[in-house]
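The values are calculated or read from the model by the stated rules, or taken from the named source; none is laboratory data. As the structure is a prediction and not an experimental result, all values here were calculated from the model. Reconstructed Cβ throughout: ideal geometry from the backbone, glycine too, with neighbour counts over all protein chains shown. Surface accessibility is based on the protein's heavy atoms, side chains included, excluding ligands, DNA and RNA. Shrake-Rupley method; radii C 1.70, N 1.55, O 1.52, S 1.80 Å.
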Amino acid sequence: MTVTVAEPGTPAVPAEVSPRANRDVYRDVLAELMPADERLVCLDSDTGLFSGVDWGTAAGRYINLGIAEQNLMGVAAGLARSGRVPFVNTMATFASSRAVEAVKLDIALNNLPVRIAATHGGLSAGHLGATHHSLEDLAVMRMLPNMTVLVPADAASAEELVRACADIPGPVYLRLGRGATEDLPPAPEPLRVGRAQRLREGGDVTLVATGPYPVLAALAAAEELAGEGVEAAVLNMHTVKPLDAGALTEAARTTRAVVTVEEHWAAGGLGSAVAEVVAELGAGCPVLRVAVGDTFAAGTGGQRHLLERNGITAAAVADRARRALARG
């Protein structure tokens with residue numbers, strides 16, 4: 001894998017793109033798992049993602065309920081109460097806004113094993129405008145008791161996390177993108193739910209990112225900083241809840257600053273979660289965030305275009321790291 005270091009003001013541009021988007025990986029893995037596990041049920045909201053899928057012996061457990069997201073969550077809760085493990089499919093903004101009352105009261109309150117597979121996360125539906133930008137979902141879902149929140153950063157991690165979903169107790173929110181993104185470099189340690197995945201070592205600053213483009217931006221920024229003599233560790237925080245407090249504790253105590261990177265509003269998401277942990281340590285380690293500010297995302301267009309316009313870039317990450325280190 002090659003990460004292209006972005007020029008100032010531009011996002012990290014993938015040099016090699018996986019032929020599969022993580023939502024396609026999810027679909028294919030679920031189609032593989034369902035015939036072998038009679039607990040699994042696929043509930044769709046007319047997304048079109050499963051068109052042409054051969055479910056084999058599990059065909060009767062694929063149910064398209066149409067565009068009715070609240071009803072989708074209620075049906076999933078009923079099936080989960082009956083011993084099934086439903087995978088619910090809708091767009092991220094609909095799961096976290098339109099249907100959130102049903103998610104809260106029907107699923108989270110009862111701690112039911114419903115897996116909410118939310119596609120078009122972040123700005124990946126940017127061509128559809130602000131109504132389809134999902135910049136609140138991590139904040140909403142991580143606030144719900146019992147909820148596990150997962151954000152795969154590439155196709156390989158999407159496959160691992162979907163397979164892990166089958167046996168995670170309680171509800172799960174799985175945030176997926178729309179298009180294909182670059183594969184991450186091999187990690188020295190396996191991906192485990194609830195454990196940050198270290199992609200790069202560094203003793204000066206820790207870059208903590210979640211999601212495909214934020215992780216790529218963090219890696220590109222680390223390369224840029226290395227050219228200036230700054231060693232940046234990079235953590236792929238694929239599990240936003242439960243957050244790996246141990247990895248953050250180590251980062252706050254062994255590096256001089258933490259910079260978070262996410263495709264989300266700055267309030268309530270990964271950056272807020274990390275700041276909460278670091279503040280409770282009393283370590284005096286600054287936490288700076290790279291995220292969309294307190295505004296609706298500027299513009300309509302492709303995902304990388306909107307990331308650049310809204311400041312989710314390698315250049316912004318490197319700049320935040322420099323500012324954080326300057327404070328020390």
**region 285-327, residues that are part of a loop (DSSP other than H, G, I, E, B), in contact with a Gly (Cβ under 9 Å, 6 or more places away or on another chain) and open to solvent by 70 Å² or more (accessible area, probe 1.4 Å)** = THR300
**Request:** Out of VAL277, VAL240, report the one residue that is out of contact with any Phe, Trp or Tyr (no Cβ under 6 Å at 6 or more places or on another chain), open to solvent by 10 Å² or more (accessible area, probe 1.4 Å) and either touching a residue at least 12 places away in the same chain (Cβ under 8 Å) or not in a strand (DSSP E or B) (or both).
**Result:** VAL277
**From GLY60, GLY83, GLY52, residue being on the phi > 0 side of the Ramachandran plot and modelled with pLDDT of 95 or more** = GLY83
**Request:** Could you tell me whether PRO11 is modelled with pLDDT under 95, within 19 Å of GLN303 (Cβ to Cβ) and in contact with a Ser or Thr (Cβ under 6 Å, 6 or more places away or on another chain)?
**Result:** yes
**Request:** Could you please give the count of residues in region 124-160 that are open to solvent by 10 Å² or more (accessible area, probe 1.4 Å), touching a residue at least 60 places away in the same chain (Cβ under 8 Å), part of a helix (DSSP H, G or I) and not aliphatic (A, V, I, L, M)?
**Result:** 3
**Prompt:** Somewhere in region 203-210, is a residue at pLDDT 95 or above, within 19 Å of the chain's Cα centre (by Cα) and part of a helix (DSSP H, G or I)?
**Reply:** no
**Prompt:** Which of the following residues is in contact with a Leu (Cβ under 9 Å, 6 or more places away or on another chain), open to solvent by 10 Å² or more (accessible area, probe 1.4 Å) and either closer than 30 Å to LEU40 by Cα or in a loop (DSSP other than H, G, I, E, B) (or both): ARG163, ARG198?
**Reply:** ARG163
**Asked** Has region 21-39 got any residue that is over 30 Å from ALA209 (Cβ atoms) and in contact (Cβ under 8 Å) with a residue 40 or more places away in the chain?
**Response** yes
